[in-house]
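Structure first, then comments.
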Amino acid sequence: MARGGALEELLAAADLPPAVSGCLAAAGPELRAALKKDPSLIKKLKRFLDAAGAVLGLPAGTALFFTGFAPGDRTPGRLEAALAELRAALFLRSEGFDGIRAVERAAGKTADLRARRAGTEYFFEVRRVTGGLDGDPVKRLAAKLEKKSAQVRTTLKRHGGSAAGGIIFAAGALHFGAFRRSRALLETARAAHSSQARPGLHVCLLEGGSCAVFPPWGGGA
């Protein structure tokens with residue numbers, strides 16, 4: 001367990017904005033246990049939030065709330081979903097995207113993030129996957145992929161033109177470092193992409209510090 005006492009005490013000593021500390025104090029059991037077990041993760045989390053804010057062009061201490069997550073929201077899993085979107089933003093930057101920002105909320109469901117790469121506008125839906133991608137990950141992802149694909153396609157239809165899109169699945173523990181491509185995850189991404197009733201969207205998988213994208217950016221299946 002943590003050597004510095006209760007999680008709330010560790011958060012108070014981490015120089016986080018009060019609104020952020022309050023949200024983390026209400027974290028779900030998985031994240032809460034990780035932070036209490038290893039207090040150094042709180043400092044890494046602060047750097048993670050600062051880095052995400054820099055990518056998104058946001059004032060310090062506000063990155064956690066750019067997704068629409070509200071201070072004091074204790075809905076189970078909502079904090080972790082917001083962190084997954086920030087993780088996705090950092091992943092996109094590592095893949096050469098810029099202009100990364102939230103999609104303006106319209107009536108009905110829309111994608112979460114928009115970004116540009118090599119002159120093409122992309123729209124992404126982010127989905128947190130609890131736990132890792134063990135067992136039969138393609139089966140686990142297939143239903144989620146169909147549901148989230150519909151939201152991306154709705155957004156693409158609204159914007160028209162040559163825009164592209166994808167689904168980013170964030171699985172496993174929250175990761176604070178650089179991403180590295182994984183051959184094993186690539187095969188899973190390829191299989192998940194093939195499971196779509198209407199192919200065309202990119203499937204991006206994040207698990208810890210590993211990542212994969214299929215099809216390649218600007219490439220075909």
task = Go through the range 15-31 and give me each residue that's more than 18 Å from the chain's Cα centre (by Cα) and more than 16 Å from Ala60 (Cβ to Cβ).
result = Gly22, Ala25, Ala26, Pro29
ask   = How about the range 81-110: which of its residues are modelled with pLDDT under 85 and not small (Gly, Ala, Ser)?
value = Val103, Glu104, Arg105, Lys109, Thr110
message = Step by step: first the residues of the range 127-154, then only those that are assigned to a helix (DSSP H, G or I) and hydrophobic (A, V, I, L, M, F, W, C), then the one that is surrounded by the fewest Cβ atoms within 10 Å (Cβ to Cβ). Which residue is that?
response = Ala143
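Among the listed residues Leu31, Leu35, identify the single one that is surrounded by 14 or more Cβ atoms within 10 Å (Cβ to Cβ), in a helix (DSSP H, G or I) and in contact (Cβ under 8 Å) with a residue 40 or more places away in the chain.
Leu31 is the lone residue from the list that is surrounded by 14 or more Cβ atoms within 10 Å (Cβ to Cβ), in a helix (DSSP H, G or I) and in contact (Cβ under 8 Å) with a residue 40 or more places away in the chain.
Would you be able to tell me the number of residues in the range 56-65 that are out of contact with any Phe, Trp or Tyr (no Cβ under 8 Å at 6 or more places or on another chain) and either over 19 Å from His175 (Cβ atoms) or touching a residue at least 60 places away in the same chain (Cβ under 8 Å) (or both)? Steps first, answer last, please.
Our first condition is that a residue be out of contact with any Phe, Trp or Tyr (no Cβ under 8 Å at 6 or more places or on another chain); within the range 56-65, this holds for 57, 59-65.
Then drop every residue that is not either over 19 Å from His175 (Cβ atoms) or touching a residue at least 60 places away in the same chain (Cβ under 8 Å) (or both), which leaves 57, 59-62, 65.
Summing the residues that are out of contact with any Phe, Trp or Tyr (no Cβ under 8 Å at 6 or more places or on another chain) and either over 19 Å from His175 (Cβ atoms) or touching a residue at least 60 places away in the same chain (Cβ under 8 Å) (or both) in the range 56-65 gives 6.
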inquiry  = Could you list, ordered by first residue, the pairs with Cβ atoms under 9 Å in which the first is in the range 114-141 and at positive phi and the second is in a strand (DSSP E or B) and not aromatic (Phe, Trp, Tyr), at least 6 apart or interchain?
reply    = Gly131/Ala171
request  = Mind listing whichever residues of the range 181-207 are out of contact with any helix residue (DSSP H, G or I) (no Cβ under 7 Å at 6 or more places or on another chain), more than 15 Å from Val138 (Cβ to Cβ) and surrounded by 19 or more Cβ atoms within 10 Å (Cβ to Cβ)?
outcome  = His202
message = Please go through (1) over 21 Å from Glu80 (Cα atoms); (2) buried (at least 22 other Cβ atoms within 10 Å of the Cβ) for Ile168 and return the number of the only condition it doesn't satisfy.
response = (1)
task = Only one of these is buried (at least 18 other Cβ atoms within 10 Å of the Cβ) and assigned to a loop (DSSP other than H, G, I, E, B): Ala111, Ala89, Ala60, Ala52. Name it.
result = Ala111
ask   = Pick from Leu145, Leu174: which is farther than 19 Å from Ser94 by Cα and out of contact with any Gly (no Cβ under 7 Å at 6 or more places or on another chain)?
value = Leu145
ask   = Any residue at all in the range 9-16 that is part of a helix (DSSP H, G or I) and not aliphatic (A, V, I, L, M)?
value = yes
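Can you tell me how many residues within the range 155-168 are part of a helix (DSSP H, G or I) and either free of Cβ contacts under 8 Å to residues at least 12 places away in the same chain or of a type in the set (Lys, Arg) (or both)? It would help to see each step written out before you state the result.
First pass over the range 155-168, keeping only residues part of a helix (DSSP H, G or I): 155-159.
Next cut, either free of Cβ contacts under 8 Å to residues at least 12 places away in the same chain or of a type in the set (Lys, Arg) (or both) only: 157-158.
Qualifying residue count for the region: 2.
The values are calculated or read from the model by the stated rules, or taken from the named source; none is laboratory data. This is a predicted model, so every value here is computed, not measured. Please note: Cβ atoms are built from the backbone with ideal geometry, for glycine as well, and neighbour counts cover all protein chains shown.
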